[in-house]
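First comes the structure, then the notes that go with it.
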Amino acid sequence: MSEKIEKVSIIISRGSLDGIYPGLIMANGARMEGIEATLFFTFFGLHGIINKKMDKIKIATVGNPAMCVPSAMGPGLPTWMGAIPGMSWFATSMMKKEMEKLDIPPVREFIEMISDAGCEIYACKATVDMFHLTKDDFCPQVNGIISVGEFYEKSAGAQIIFT
Amino acid sequence: METIDFIGRKLELDADGHLKNFNDWDKEVAQEFAKLEGINELTERHWIVIEYMRKEFKENGDAPSIRKLTKESGVDTKELYALFPKGPAKKAAKIAGLPKPKGCI
C-alpha cells in the first residue's frame, strides 16, 4: 500500500461559492481523517475570511457555461440570462438549500468548525497589501497574514493543493 | 473479511476493520476497540458521543456528520477532536461498532 497522506496545504484563490467550498470541504475532510491541514487564502479567495464579505458569497451565473436550470441536470442557462439582475442571488439560494440538506454549513460556520478542528488559516500578504486590508478585516479564526515564503515553510512535508 | 478474538468472543469485521454486525456491539467491545485506537479509557464524554452515534445510525443507516453530531450531542468540535484524536469521525464510528461513515462533512 502507498504511503498515507499526513499533511495537506490547501490554497483557495477564488471568491465565488464554487471557488471557496471545495477547499473548505477538503480541509475539513482532512481533519476528519486525522490529516494535518493548513488553509491559505489568496486573491479573491480572501472573501471567504473577510468579515464583511464571507456571509455574501455567491455563485457566478455569468461566464459559467455549466450553469443549468432548474437543477444540475437541467438545460443550460443561456449566457445572457445569467446577467439578469437577481439571477446570481437566485442560483445561490437554490444551491445553499441543497447544501443545507447535506449538512454543509454556511461559510462562517464552516470556517469556525475547521478552525476548531485544528486547521490553521492564513491570508496571503501580497493580496492583503494589494487590497489595502488589515488583520481587523478578517474573521477571528484567521491565524495570521503570511508571505508566500512563510507559506512554503508551514507547508513543509505537506501535499499542496491549489483550488 | 476478518474475524478477531475479543475478550473470548469471535467478532466479524468488515474490510475497514470495523465491526460487521451492529448487534455484536456492547460496552466491552467498545472498550477493546478504543484501546486498539489508542484511547485507554472511555470517559463519560466519550460515551455521550458513542451513544449518540449509535442512535443516529439506527435511525438513519449512517453515522451522523460532525456538524450534526456536535450540534445535537452537546460535545463541541474542539472537544470531539480532543476525545478522539487523529480522526474523530472514523474512530468514534469504529468504537461505536458502526461502519466507516459515508458522508463528506
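The values are calculated or read from the model by the stated rules, or taken from the named source; none is laboratory data. A quick note: this is a predicted structure, and the numbers were derived from the prediction, not measured. No Cβ is skipped: glycine too gets one built from the backbone with ideal geometry, and neighbour counts run over all protein chains shown. What goes into the accessible areas is simple: the full protein's heavy atoms, side chains included, and nothing from ligands, DNA or RNA. Shrake-Rupley method; radii C 1.70, N 1.55, O 1.52, S 1.80 Å.
Between A:131, A:151, A:40, find the one with the highest GNM mean-square fluctuation for chain A; connect C-alpha pairs within less than 10 Å. The residue that fluctuates most here is A:131. Relative to the current alpha-carbon distance between residue A:89 and residue A:102, full extension at 0.36 nm per residue lengthens the span by 2.7 nm. Surface burial for B against A, with a 1.4 Å probe and both sides summed, reaches about 1500 Å² of accessible area.
Antiparallel beta bridges, as assigned by DSSP with both residues in the protein assembly as shown, represent about 30 percent of the total such bridges. The packing ranking, built from the mean of other Cβ atoms within 10 Å per residue, places the peptides B:39-51, B:70-82, A:21-33 in the order A:21-33, B:70-82, B:39-51, highest first. Both numbers refer to the Cα atoms of chain A; Rg and Dmax are 16.7, 53 Å.
Each Lys and Arg Cβ is given +1 and each Asp and Glu Cβ -1; about its Cα centre, the stretch B:2-95 then shows a dipole of about 300 debye. Projecting the alpha carbon convex hull of the stretch B:2-95 along each direction and taking the average yields 5.8 nm². With protein chains left intact and a 1.4 Å probe, residues in the stretch A:61-105 average 70 Å² of accessible area per residue.
What residues of the stretch A:8-41 lose no less than 40 Å² of accessible area with every protein chain in place versus their chain by itself (probe 1.4 Å, heavy atoms only)? The answer is A:32, A:33, A:34 - residues whose exposure falls by at least 40 Å² when every protein chain is included.
Here chain B has 48 percent of its accessible surface on carbon and sulfur atoms, given a 1.4 Å probe and all protein chains in place.
Among B:11, B:69, B:19, the largest mean-square fluctuation in a Gaussian network model of chain B, built with springs joining Cα atoms closer than 10 Å, belongs to B:11. Taking Cα centre as origin and charging only the Cβ of basic (Lys, Arg, +1) and acidic (Asp, Glu, -1) residues, the dipole magnitude of the protein assembly as shown rounds to 660 debye.
Using just its DSSP H runs of length 4 or more, each adding -39500 (n - 2.57), chain A gives a mean residue ellipticity at 222 nm of -10500 deg cm²/dmol after division by all residues. Charge dipole of the stretch A:46-163 (Cα centre as origin; +1 on each Lys and Arg Cβ, -1 on each Asp and Glu Cβ, all else neutral): 420 debye, rounded to the nearest 20.
Of all aspartates and glutamates in the structure, those lying under 14 Å Cα to Cα from residue A:7, and not within fewer than 8 positions of it along the same chain, are A:33, A:36, A:120, A:153. Take chain B with all the other protein chains still there, run a 1.4 Å probe, and you get 52 Å² of accessible area per residue.
How much of the pair distance distribution for the stretch A:61-105 lies past 17 Å, counting alpha-carbon pairs only, in percent? Tail of the P(r) past 17 Å holds 32 percent of the pairs. Helix content alone sets the calculated 222 nm mean residue ellipticity of chain B: runs of n ≥ 4 DSSP H residues at -39500 (n - 2.57) each, divided across all residues, give -14000 deg cm²/dmol. Candidates B:80, B:104, B:21 compared by Cα position along the dipole of chain B: farthest toward the positive end lies B:104, with charges placed on Cβ.
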